[in-house]
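Following: one structure in structure tokens, then a few remarks.
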Amino acid sequence: MDSRLQIVAVLATAALLLVVLELVRRRRVMERYALLWLLSSVVLLVLSIWSGLLEQLAASVGIETPSNALFAIAFMFTLVLLLHFSTVISGLTDQNKVLAQRLALLQQRVSELQQSGDRRFGKPSGEPTHESNAPERELTRHG
Amino acid sequence: MAGNHFSHLSERCLAIVPAYNEAGCVGAVIESLRRHAPEFDVLVIDDGSTDSTALISERAGATVLRMPFNLGIGGAMQAGYRYADEHDYDFAVQVDGDGQHDPAQIERLADEFRRDHSVDFVFGSRFAEESGYRAPAARRAGIRIFAWLLSLIMRKRVTDPTSGFRLANRRAIALFARDYPHDYPEVEAILMVHAHRLRLAEVPVRMDQRASGRSSITTLRSGYYMAKVLLAVLIGLVRERPTVTPGDPAAVSAEHGI
């Protein structure tokens, strides 16, 4: 690999590693999401510095220019990270749905209790409540 | 199968009405439910509407679950099933808030439960007999593909797996409260019922054209609908079932095999 290219590669991957570590230090990225990033940047850094290993690796899979092997590996890590995010987002979407459902159920319950309380303690009917007009039959049903 | 010994639907019944910006229609739906299915409590799921759907529903005497934002029909319906489960309802019928399901036809679904006490889940079909339902040709073709696929998978003839007009008993309610597909859930829900070895049946019903509002399935989205549901159905074939957590009540376990 061209020594200029190697210098750029080392600087770039070192910078990536430092940025990831700094983000973790500032708690901007949780450790569990930083692990894949750390692994990627460390592997890329090692391969940039240790060009002998990169050349061997490239030769063994038939890549003529070692730097292309570096790009290929970086690209592979990118794909893995993106896939990882899709799984994380799916989990969050599901949790978000459950929270929304729970919230709606609780909100309905609260307004129901609030109204039955208002009636029981003889608050004037004009008393403002947050949620209005749950039906009468609900009170006899659950109240 | 304890709990299914009943002669008529005088047990606790809930009509779940998912509604997203259906202010123009939901009042009439509730009114019609009151008239034609008075034994059903009415629960409107306001799925993050920006119009007065919730207010109109409350004024019409329905209980309203207000979703904090638009979850889509799957999340909204599951909230309804959770409500039914928590409030110990014996039966829950899904009636769309846009007026395309005629509450007078709930009787037809209920009749199936009276006729066959082992049934857990009944859905209304627009195509099982001549029903006057006129859908665009493309949609009919899509529905036919799903009907064919499901019939093949379940070894049981279904004609309208995309119908949202469905009646569930306690076991099916408990299943849906725990696990329900995210978006465009109708087809997958039927497969879930099948995979959990609950008994399902299809009965012919009439459906009206939409009275107002727009279907959640526009032409643009129907491609996504087909792709998403096909993926879900095919992946579902190799998914381990039941997917519910072990230790859940027997309602969703497969112990009463076919």
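Output yes when any residue across the stretch B:49-58 is over 13 Å from residue A:108 (Cα atoms), within 7 Å of chain A (Cβ to nearest Cβ) and either buried (at least 24 other Cβ atoms within 10 Å of the Cβ) or not β-branched (Val, Ile, Thr) (or both), and no when none is. Scanning the stretch B:49-58 turns up no residue that is over 13 Å from residue A:108 (Cα atoms), within 7 Å of chain A (Cβ to nearest Cβ) and either buried (at least 24 other Cβ atoms within 10 Å of the Cβ) or not β-branched (Val, Ile, Thr) (or both). Taking the stretch A:7-55 as the range and being in contact (Cβ under 8 Å) with a residue 12 or more places away in the chain and of a type in the set (D, E, K, R) as the test, only A:55 passes. Would it be correct to say that residue A:60 is loosely packed, with under 11 Cβ neighbours inside 10 Å, modelled with pLDDT under 95 and assigned to a helix (DSSP H, G or I)? Against the criterion (loosely packed, with under 11 Cβ neighbours inside 10 Å, modelled with pLDDT under 95 and assigned to a helix (DSSP H, G or I)), residue A:60 qualifies. Evaluate the following for residue B:165: is it within 28 Å of residue B:39 (Cβ to Cβ) and in contact with a Leu (Cβ under 6 Å, 6 or more places away or on another chain)? Answer is no for this residue.
Within the stretch B:187-199, if we keep just the residues that are crowded, with 22+ Cβ neighbours inside 10 Å and touching a residue at least 60 places away in the same chain (Cβ under 8 Å), the residue that is nearest to residue B:139 (Cα to Cα) turns out to be B:190. Would you mind stating whether residue B:128 is closer than 21 Å to residue B:187 by Cα and in a loop (DSSP other than H, G, I, E, B)? Taking the combined requirement at face value, the residue satisfies it.
Screening the stretch B:149-173 for residues that are without any contact (Cβ under 8 Å) to a residue 24 or more places away in the chain and not in a loop (DSSP other than H, G, I, E, B) and picking the one that is surrounded by the most Cβ atoms within 10 Å (Cβ to Cβ) gives B:151. Of all residues in the stretch B:81-99, those that are away from chain A (no Cβ under 14 Å) have Cβ atoms under 6 Å from Cβ atoms of residues that are of a type in the set (Lys, Arg) and surrounded by fewer than 19 Cβ atoms within 10 Å (Cβ to Cβ), 6 or more apart or on another chain, in B:98/B:210.
The values are calculated or read from the model by the stated rules, or taken from the named source; none is laboratory data. Quick caveat, the model's predicted, so the values are computed rather than measured. Note that each Cβ is placed from the backbone with ideal geometry, even for glycine, and that neighbours are counted across all protein chains shown.
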